[in-house]
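Here the structure is laid out as structure tokens; the discussion comes afterwards.
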Amino acid sequence: MNALGLRIKTLIEETGPISVSTYMALCLMDPEDGYYTQATPFGRDGDFITAPEISQMFGELIGAWVITTHREAKINGPWTLAEFGPGQGTLMADMLRTIRQIAPDIFAHLHVHLLEASPKLRDKQRDKLMPFDKQIHFVGAAGDLPAQPTIIIANEFFDALPIRQFISVQGKWHERLIGWNGKAFTFQPAPLPVSHAQDLPTAHQDGDIAEQAPASLAIMQTLSAHIKAQGGAALIIDYGHLKSGLGDTLQAVANHQYAPLLEAQGEADLTAHIDFEALTKAAQTEGCTATSETQGSFLLRLGLLERAGQLGAGKTTSEQETIRDAVERLAGPEQMGTLFKVLMVM
Ligand code: SAH
């Protein structure tokens, strides 16, 4: 067992079983050994590949969306382009390049604010964005964005936030906990049922699992309140379902493969699917409108095929092949096109 696993085992022995959300938070964000504080998970050699790392077209099209949204929102003067969980900074770099090129007036008034928990990634993002001659501001929390019109982008950020799980036992919902049985970590139901079962699905059978993402909902409410008060919009891109439902979506990924959830703590990415219906309701409670569609339809609507054609013009056959492959991966129904959803909040 690694050092983080040993610390979690000790914590459980001293204080009792822990919630799935505590476990996720420790595995992902432990300051010493957390997955995001330690590893550099992105890219072909890493644990997973995200859309901006597949192709520059992704960030360019989102940059074009930002320009249109900025104009429709009639933003004048200083404004914030914020990104939550910017990873290697690739998406922000591709957006900034596009905005600078197509809309220099909008670029001139733009301030970059990033929300990033990992010090290592913050350094990477600062380096990557150096060529744009913009001061890169880091905010400690979603509520710390400056009081001015704001467009917020988040790609594969919400899936990394801790979730709670509940398991149905004899007709009642119990929080699903992680304990230690003397040999291994195990999932187990909390001894008593939850008292707030009204927030959980009413129809369920023994063994069913339900999920809640309190951290995601809190951030969604904060960003929606900010947009409502200051003007602007948010674009949330992630994998998940458009309708709330039952099901265990917690997964660990390392080296592009599923990994055991309760082993090698901090060495695999732990994520859960996004409940877009719940996020939509959170935005609506703050007075925002929220609409969603699949990533495939969003990118095609923004001109993915046209951009691919432009990029490929005059290139070698193998370069054109790479571009075609990227289009398929980003928008193809068997790949990211359908599983990934885009939520627009205004
Ligand atoms: N958007 C990037 C990276 C996705 S990975 C891309 O598409 O490639 C998730 C990102 O969110 C990482 O940068 C990670 O460090 C950051 N992150 C995860 N949980 C966070 C939290 N609670 N607060 C701030 N940043 C977080």
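Return one quarter of the surface area of the convex hull spanned by the alpha-carbon atoms of segment 207-346, equal to its mean projected area, in nm².
So the mean shadow area of the Cα hull is 11.2 nm².
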Checklist line | Candidate lysines for bridging to LYS74, where Cα separation is under 21 Å - those fewer than 8 sequence places away on the same chain excluded | finding: LYS228
Next item on the list: Mind checking which lysines have their Cα closer than 20 Å to the Cα of LYS128? Skip sequence neighbours fewer than 8 apart in that chain.
Entry: LYS120
Checklist line | Nearby aspartates and glutamates by direct alpha-carbon distance to LYS172 (threshold 18 angstrom, same-chain neighbours under 8 apart not counted) | finding: ASP199, ASP206, ASP208, GLU211, ASP248
Check: Given ALA234, GLN101, ALA213, which one lies farthest toward the positive end of the charge dipole of the chain, if we put +1 on the Cβ of every Lys and Arg and -1 on the Cβ of every Asp and Glu?
Finding: GLN101
Checklist line | Alpha-carbon centroids, segment 67-125 and segment 235-311: separation in whole Å | finding: 21 Å
Checklist line | segment 1-146 - percent of accessible surface contributed by carbon and sulfur, probe 1.4 Å | finding: 51 percent
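Taking N as the number of residues in segment 38-102, what value does Rg over Cα atoms divided by 2.2 N^0.38 Å take?
Numbers: Rg = 13.6 Å, N = 65, 2.2 N^0.38 = 10.7 Å.
Dividing the Cα Rg of segment 38-102 by 2.2 N^0.38 Å gives 1.27.
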Check: Among PRO201, CYS288, ALA278, whose Cα lies farthest out toward the positive end of the dipole of segment 192-296, if unit charges sit on the beta carbon of Lys, Arg (+1) and Asp, Glu (-1)?
Finding: CYS288
Note to self: What whole-number distance in Å separates the alpha-carbon centres of segment 128-183 and segment 4-40?
What the structure shows: 15 Å
Note to self: Restricting to DSSP H runs of at least four residues, report the calculated mean residue ellipticity at 222 nm for the chain, -39500 (n - 2.57) per run over all residues, nearest 500 deg cm²/dmol.
What the structure shows: -12000 deg cm²/dmol
Notebook entry, point to check: In square angstrom, what is the accessible area per residue of the chain with a 1.4 angstrom probe?
Noted result: 45 Å²
Check: Probe 1.4 Å, all protein chains in place: accessible area of ILE102 in Å², nearest 10?
Finding: 100 Å²
Next item on the list: Could you tell me whether the chain comes out rounded, prolate or oblate from its Cα gyration tensor? Rule is a ≥ b ≥ c as square roots of the eigenvalues, rounded for a/c under 1.5, then prolate if a/b exceeds b/c, otherwise oblate.
Entry: prolate
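The values are calculated or read from the model by the stated rules, or taken from the named source; none is laboratory data. Computed from a prediction, not measured in an experiment: that's the story for all the values here. Cβ atoms come from the backbone with ideal geometry, glycine included; neighbour counts cover every protein chain shown. Quick note on the areas: whole protein, heavy atoms, side chains included, nothing else; ligands and nucleic acids left out. Shrake-Rupley method; radii C 1.70, N 1.55, O 1.52, S 1.80 Å.
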